[in-house]
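Written out below as structure tokens is the structure these notes cover.
No lab work stands behind these numbers, since they all come straight from the coordinates. The shown structure was predicted, so the numbers you read here are calculated from the model rather than taken from an experiment. Note that we place each Cβ from the backbone using ideal geometry, even for glycine, and neighbour counts take in every protein chain shown.
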Amino acid sequence: MRPLKPKRNLKLCAVWVFCVLAVIRLDALTMSELLNDPKMTPKRFASLFEHFKFEMHPFDVQDPNQFLGTECGDCIDYAVLADYVLKLKGFGTRLIRVEMIGKNTGHAVCYVTENRAYLDYNNRKYAFKLERSGPTIREVAAKVADSFDANWTYAQEFTFDYQTFNKRAVFTVVKTDPPAKDPDKVKPQAQRAKPNS
């Protein structure tokens, strides 16, 4: 086989660059815009993704620049990015993945403590972009499964590090376990001590 000539190499490179640019929109949202937006809220974050397309990347989280540049991704790409951006904006966030039966699927969302609601990639096009839910993994799992008209088996709170691209489980809740054993069960407020007489 003959080696390629330099002119041919340049043509192949030009075709490759054109293909990459055709996939990545030049007017696409950037990480810098997300991180430097002084008005960023969970609802605003969701509204910026209304036109994004669903494209499955099983068990992988896309590089955020790829997700933003192609405007295509799935629930975990969206949830992880929401967690990252909103946490840097001072919001309390939690990543939760819910495994469901009957649908052969899992679904990831980003829960925002201040809103008592979660951001869901499936809701980004609707007027109500945040889904209200109690704060426990069990409550979020039940709401997510209901939205799929499915039954959940277990749910997991996890963390994700964009530097290493590692996911780490924090808590796991199994539906058939007694709710009292849930690791994130909200404890009732302590009764106020009576003043001394």
Paramagnetic label zone (point 7 Å from Cα along Cα-to-C-beta, Phe54; backbone N under 19 Å) in segment 139-172: 141-153
J(HN,Hα) series, segment 173-182, from Karplus relation 6.51 cos²θ - 1.76 cosθ + 1.60, nearest Hz, glycine and proline x: 10, 9, 4, 7, 6, x, x, 4, 8, 4
FRET efficiency, 1/(1 + (r/R0)^6) with R0 22 Å, evaluated for Arg132 and Lys185 via beta carbons: 0.70
Exceeding the 18 Å Cα-Cα cut-off - candidates Lys143/Lys167; Lys89/Lys143; Lys43/Lys89: Lys143/Lys167; Lys89/Lys143
Proxy reagent accessibility, fewest Cβ within 10 Å first, across Tyr162, Tyr84, Tyr78, Tyr121: Tyr162, Tyr84, Tyr121, Tyr78
Gained length - Asn166 relative to Thr41, 0.36 nm times residue gap less alpha-carbon distance: 42.4 nm
Net length gained if the chain between Met31 and Ser147 were fully extended (0.36 nm per residue, minus Cα distance): 38.8 nm
Packing rank of 108-119, 135-146, where each peptide gets the mean count of other beta carbons within 10 Å, highest leading: 108-119, 135-146
